Amino acid sequence: MPDEPLVLGIETSCDETGVGIVRGHTLLADALASSVEQHARFGGVVPEVASRAHLEAMVPTMQRALDDAGVTLADIDAIAVTAGPGLAGALLVGVAAAKGYALAADKPIYGVNHLAAHVAVDTLEHGPLPEPAIAMLVSGGHSSLLLVDDLTAGVTPLGATIDDAAGEAFDKVARLLGMGFPGGPVIDRTARAGNPAAIAFPRGLTAPKDQLKHRYDFSFSGLKTAVARWVEARERSGEPVPVADVAASFQDAVCDVLTSKALDACRQHGVETLIIGGGVAANSRLRVLAEERAAKLGIRVRVPRPGLCTDNGAMVAALGSHLVAAGVAPSRLDLPADSAMPLTSVTVAG
Ligand code: KG4
Ligand code: ZN
């Protein structure tokens, strides 16, 4: 529909410089530049390196998005930008760029929450968000279960990781198996040749005693340590490490806990839709297990395609479009970047 808002979104919270353009729920452009290769030898994202890479990639990525969508900055109705949470220096580059473009082209600006954007991106693939929904966001920096009643007003956190994020666990286990960074995709691939039931790794915070205080929280650091001890014991005894079995069993432990807690939240809140987002949502085992278990409970699972699950500008544009359509007021032009932006704020208030 031509009267739907044309919104541009800028993402720089971690190591991806993303500029996306949407009209309503339709994706027109999703330009991305990643500095992931520059971090690989460090085994994790180096904030200063990420900030510099954003600075270098911002203008060309913006140009590519506008070209791909066949529009100019003058055509855009609003600019959305990730204001937090994320790496402070990296966020600052995106926020400063968004302010520059908004000022130059005289457009309203929305400083938005990165995690809410991971939820909103699903609208580009599956249409308007059914509310209420439970959202599970699993990435390199976060593992959260959220109750989404009204995405324009904020979301209710139900639980989160108490130590490592799910993606961080994939990255650390891949590192100890000598597989490189980021770990998720390579563990996912390696696990296909392995047996998920080969090794009984622990399922964090799933004991009956955890139901009271940590029903919807996650813990992956004990799992990571268990994998490390198991591999060490194998190496000490001089036996070869069955890498595919370790990867498959580890992956299964993570996916078992994630899906059972997410579906438990759906049941307890009488919610019929589970949305999964964040980089780990690209995991093939997580997708299959969530579908299988949800189907038995009559719960619908919505997971965007892998390219939309990892960080990108389209998700920021999708949230911006949702906010514009709902008549939410834009942020002020002097909006701050907030590396610890809470989930209760979807936008930086105007
Ligand atoms: O959402 P994202 O791109 O960035 C953050 O905001 O963190 O997520 C990146 C994380 C990394 O930890 C990466 O290992 C993980 O998502 N990841 C995966 C897969 N693809 C990416 N984890 C498991 N399986 C995958 N296929
Ligand atoms: Zn993310």
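The values are calculated or read from the model by the stated rules, or taken from the named source; none is laboratory data. Here the structure is a predicted model, which means the values were calculated and not measured. Backbone-built Cβ (ideal geometry, glycine too); neighbour counts: all protein chains shown. These accessible areas exclude ligands, DNA and RNA; they are computed on the full protein's heavy atoms, side chains included. Shrake-Rupley method; radii C 1.70, N 1.55, O 1.52, S 1.80 Å.
Using a 10 Å cut-off on Cβ atoms, rank the peptides 111-124, 84-97 from the highest mean neighbour count down.
111-124, 84-97
Net charge of the neighbourhood of V316, taken over other residues with C-beta under 12 Å away and scored Lys/Arg +1, Asp/Glu -1, is -4. Here the accessible area of region 129-305 is 52 percent carbon and sulfur, with a 1.4 angstrom probe and all protein chains present. Per-residue extension of 0.36 nm, minus the Cα-Cα distance of H126 and L103, leaves a gain of 5.0 nm for this segment. Between the alpha-carbon centres of region 194-257 and region 101-149 there is a gap of 31 Å.
Each other residue within a Cβ distance under 14 Å of K296 adds +1 if Lys or Arg and -1 if Asp or Glu, for a net charge of -1.
Let me make sure I get this right: for region 90-189, a, b and c are the square roots of the gyration tensor eigenvalues over alpha carbons, sorted descending. Under 1.5 in a/c it's rounded, otherwise prolate if a/b > b/c, else oblate. Which is it? The shape class here is oblate.
Straightening the chain between T225 and L176 buys 16.6 nm, computed as 0.36 nm per residue apart minus the Cα-Cα spacing. Excluding same-chain residues fewer than 8 positions from K224, which lysines have a Cα within less than 18 Å of its Cα? Result set, ordered by chain and number: K172.
For K209, the lysines whose Cα falls under 17 Å of its own Cα, not counting residues fewer than eight places away in the same chain, are K261. Taking a sphere under 9 Å around the Cβ of T17 and counting the other residues whose Cβ falls inside, with K and R at +1 and D and E at -1, yields a net charge of -4.
Solvent exposure of region 18-95 amounts to 43 Å² per residue of accessible area, where only protein heavy atoms count and the probe is 1.4 Å.
Working note: 222 nm ellipticity from helices only, DSSP H runs with n ≥ 4, each -39,500 (n - 2.57), summed and divided by the residues of the chain, gives -13500 deg cm²/dmol to the nearest 500. Only lysines eight or more places from K107 in sequence, or on another chain, were considered; those with a Cα closer than 30 Å are K99.
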